[in-house]
4 protein chains.
Amino acid sequence: MLAEAKAETGLPVVTELMDARDLPAVLEVADVIQIGARNMQNFPLLAEVGRAGRPVLLKRGLSATLEELLMAAEYVLKEGNPNVMLCERGIRTFETAYRSTLDLQAIPVLKELTHLPVVVDPSHAAGRRGLVRAMSLAAAAAGADGIIVEVHPTPDEAVCDGPQALPTDSLAEYAVAVHQAAALAGKELAPAKIGAGLAGAA
Amino acid sequence: MLAEAKAETGLPVVTELMDARDLPAVLEVADVIQIGARNMQNFPLLAEVGRAGRPVLLKRGLSATLEELLMAAEYVLKEGNPNVMLCERGIRTFETAYRSTLDLQAIPVLKELTHLPVVVDPSHAAGRRGLVRAMSLAAAAAGADGIIVEVHPTPDEAVCDGPQALPTDSLAEYAVAVHQAAALAGKELAPAKIGAGLAGAA
Amino acid sequence: MLAEAKAETGLPVVTELMDARDLPAVLEVADVIQIGARNMQNFPLLAEVGRAGRPVLLKRGLSATLEELLMAAEYVLKEGNPNVMLCERGIRTFETAYRSTLDLQAIPVLKELTHLPVVVDPSHAAGRRGLVRAMSLAAAAAGADGIIVEVHPTPDEAVCDGPQALPTDSLAEYAVAVHQAAALAGKELAPAKIGAGLAGAA
Amino acid sequence: MLAEAKAETGLPVVTELMDARDLPAVLEVADVIQIGARNMQNFPLLAEVGRAGRPVLLKRGLSATLEELLMAAEYVLKEGNPNVMLCERGIRTFETAYRSTLDLQAIPVLKELTHLPVVVDPSHAAGRRGLVRAMSLAAAAAGADGIIVEVHPTPDEAVCDGPQALPTDSLAEYAVAVHQAAALAGKELAPAKIGAGLAGAA
């Protein structure tokens, strides 16, 4: 199904690997392998994707420190795979007004500590659409190298994660605003790259 | 001393009240009374500044939920003082890479729940200068109504909080960038207001 | 009313001071002045009870570190009042199954760092009766010097905090069990002292 | 090596499984399979040990709620393996005085919600020997069904986790005290069972 979507749209595919035994199937279709927050310290899995050589999107665990995130990345890097993206997706705190607390201070701190790109996932942190635009702009203004955002043509009919998805028809305007915020952080993107980047992430 | 500074510069003064018995002295000089994070639930103090009628800057406690912050504001409001500004200044989490975790998701959520202005204090959250600009842009892009930022002509010689202060000579450029980020969140400020607002907050 | 209760029962009284201006009234009746968790860092209030010289029960703030609790105690001690009891009453975490997370490791750690007595308040941490006995035994076994427990003749009719109160008629059996747990931690109490201590705390 | 130790001592073996591909080797020697805190939400691994049918010791994740711990246990149970022990080993909070905050309130709450045995690991929570005895007594008094404790003949020479290990020659006295604390929680153990249980856990 992912292969079909890829063929039809020409978009690159990011998908999550949860079990090392599924790696061959995932390698057939994925341009980027995602390691989910719950597997951030699944060290055998990290080593496996390190050996596979495919770019990796590594999500920060719900209560992982930045040091632990960097140490987890090392499990991939030490196998000779330098293409690791770090992803802030919200941490667990006492606050119950949202699913997770998006820790944007992680962006400038990780940029000090590593050359790896830092990506932010505001959709999963917030858990609802109403906060996604504001937090996307904030992430870009804080220097994020990329944003993962959930989009759906008709979010209310989505099988999964509909409440946090933006409607597809708002994506173009959203992408322009995020681009402007990123420019404040000193990032220059060609308009075409924005579109492709965002679509790939979604 | 605050009175002198005010006379000399023409800037409004924000200062913290920690003890209700100091209120008369504070009222002589303060344009805005700050209630610090450690006193967010000091209910007699909140009622007192409510009765004093002067605008209040109420800082969120280090482990206060947004609901508790709003409830604390009610202690001021119910005395007939409608001029309360809410201030996010970082919450306490397990992360040790910075002093507090700045919770910018609080901005859009508070804007949904209340008409009170939301101000962000990135200097105290970060505890060091290197993160302040990025987090200020992020806060403005997320819709903050104001930013409190520490500045000092020569931060390395400051008596207090030097490591988190921006040098004064960087303030103009900083203010322009924050203005641009705020514009992305739909805020229109006249350039003169930016300068005054920032100076007053500092 | 507290004075009446004291005269009628002969029990000592602990009551909370929230505002320094109420100190004279509190001193007329209280044998111990309680500083609540929300005021743990209300430094002028701490200094005031330090000067008053009456024993102080200092509750740990909801997100206070042990170091901060000890620093807060210093504000009382430095005024020449050596009679400070430290009270663990639960900290704020992500867990929502109970009101606060009772941090019993604080007991042995505080005992290493200070000679001040360490008291535990399982009723407020749990927020419900069903956990109070188990956590009281645990606190005593971990070396607590005292336990504050809510009791009421008919908890379901209590004006305040009924759900976390033990029925008075279970107190004797409870006290014996807590005594046995304390003995495991090397504490020897005369039976009479147990009764008085527990009653005073309630 | 584990097989040798088992043959020589006659003790049952608990060992951690981190990768489903190691399951056959682990099944050859382990009487109980441990799933570590970092793998608590490694769902394919949980399903695998569910199908293997061997008793499972499931450690609570560092920021897992009790609900999530129970949900993780369901992944094992639904494969037809009813032998799951839940293990509290400390959660992540803002406190830095110890490695993790041991959440003993989890014991009575889990006992309300499930019939699964609840085991506590004070050694890993504390990270240092000095707190282990106090927290073991507390856990037993709170109703724990078992305690995992690190022991070593000469802890200062241990290859791993020495600072948190108790010296073997203190184990007998420790076991007696823990037994007494457990009796306060209504547990009756034959002395022989205590020894065997503790030895197996270590």
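The values are calculated or read from the model by the stated rules, or taken from the named source; none is laboratory data. Note that this is a predicted model, so its numbers are computed, not measured. Note: ideal-geometry Cβ built from the backbone for every residue, glycine included; neighbour counts use all protein chains shown. The protein model used for the area step is the full one, side chains on, heavy atoms only, and it has no ligands, DNA or RNA in it. Shrake-Rupley method; radii C 1.70, N 1.55, O 1.52, S 1.80 Å.
For B:Lys78, go through the aspartates and glutamates and keep the ones whose alpha-carbon is under 18 Å away, minus same-chain ones fewer than eight residues off.
B:Glu48, B:Glu67, B:Glu68
Give the separation of the Cα centroids, region C:1-53 to region A:157-176, in Å.
56
Between C:Ala97 and B:Ala5, take the C-beta separation as r, use R0 = 56 Å, and let me know the FRET efficiency to the nearest 0.05.
After rounding to 0.05, the efficiency reads 0.65.
Once neighbouring chains are kept in place and the probe is 1.4 Å, which whole percent of the accessible area of chain D is contributed by carbon and sulfur?
The computed percentage sits at 57.
What are the ³J(HN,Hα) values, in whole Hz, obtained from phi via the Karplus relation 6.51 cos²θ - 1.76 cosθ + 1.60 with θ = phi - 60°, for each residue of region D:118-128 in sequence order, with x given for Gly and Pro?
For region D:118-128, the Karplus-derived couplings read 10, 10, 10, 10, x, 5, 6, 5, 6, x, 8 Hz, x marking Gly and Pro.
How large is the helix-only mean residue ellipticity at 222 nm for chain C, computed as the sum of -39500 (n - 2.57) over DSSP H runs with n ≥ 4, divided by its residue count, in deg cm²/dmol to the nearest 500?
Computed ellipticity for chain C at 222 nm equals -12000 deg cm²/dmol.
Around D:His152, which amide H atoms from residues at least 5 apart in sequence, or from another chain, sit under 5 Å from its own amide H, with H modelled in the peptide plane?
Correct list: D:Leu166, D:Thr168.
What size of dipole, in debye to the nearest 20, comes out for the protein assembly as shown about its Cα centre when the only charges are +1 on Lys and Arg C-beta atoms and -1 on Asp and Glu C-beta atoms?
Value, rounded to 20: 0 debye.
Going by amide H atoms built from the backbone, whose H comes under 5 Å of the H on D:Asp103, apart from near neighbours?
D:Gly90, D:Ile91
From the label point of A:Glu8, set 7 Å along Cα to the beta carbon, how far off in nm is each other copy's matching point, shortest first?
Listed shortest first, these distances are 6.3, 7.0, 7.8 nm.
Chains D and A: how much accessible area gets covered up at their contact, both sides added, probe 1.4 Å, in Å² to the nearest hundred?
So the total buried area for this chain pair works out to about 1500 Å².
Dipole magnitude of region A:1-48 about its Cα centre, charges +1 at Lys/Arg Cβ and -1 at Asp/Glu Cβ only, in debye to the nearest 20?
160
Any lysines with Cα under 21 Å of the C:Lys6 Cα? List them, leaving off those in the same chain fewer than 8 positions away.
Partners within reach: C:Lys193.
Name the residues whose placed amide hydrogens come within less than 5 Å of the amide hydrogen of C:Met85, ignoring near sequence neighbours (fewer than 5 apart) on the same chain.
Placed amide hydrogens put C:Val56, C:Leu57, C:Leu58 under 5 Å from C:Met85.
How would you classify the protein assembly as shown from its alpha-carbon gyration tensor, with a ≥ b ≥ c the square roots of the eigenvalues: rounded for a/c under 1.5, else prolate if a/b is greater than b/c, otherwise oblate?
Oblate, since a/c reaches 1.5 and b/c is not below a/b.
What ³J(HN,Hα) values, in whole Hz, does the Karplus curve 6.51 cos²θ - 1.76 cosθ + 1.60 give for region A:11-24 when θ = phi - 60°, with x put for Gly and Pro?
7, x, 10, 10, 9, 8, 9, 10, 9, 4, 6, 8, 4, x
Any idea how far the Cα center of region D:118-140 sits from the one of region A:87-134, in Å?
For region D:118-140 versus region A:87-134, the Cα centre distance is 34 Å.
Check the straight Cα-Cα distances from B:Lys187 and name the lysines below 24 Å, setting aside those fewer than 8 residues away within the same chain.
Partners found: A:Lys187, B:Lys59, B:Lys111.
Would you kindly work out, in nm and rounded to one decimal, the distances from the label point of C:Ala183 to those of the same position in each other copy, ordered shortest first, with label points 7 Å along Cα-to-Cβ?
Going from nearest to farthest copy, the values are 0.9, 7.8, 7.8 nm.
Is region A:1-118 rounded, prolate or oblate when judged by the Cα gyration tensor, a ≥ b ≥ c being the square roots of its eigenvalues, rounded requiring a/c under 1.5 and prolate requiring a/b larger than b/c?
Because a/c hits 1.5 or more and a/b exceeds b/c, region A:1-118 counts as prolate.
Cα gyration tensor of chain B, axes a ≥ b ≥ c as square roots of the eigenvalues: rounded (a/c below 1.5), prolate (a/b > b/c) or oblate?
rounded
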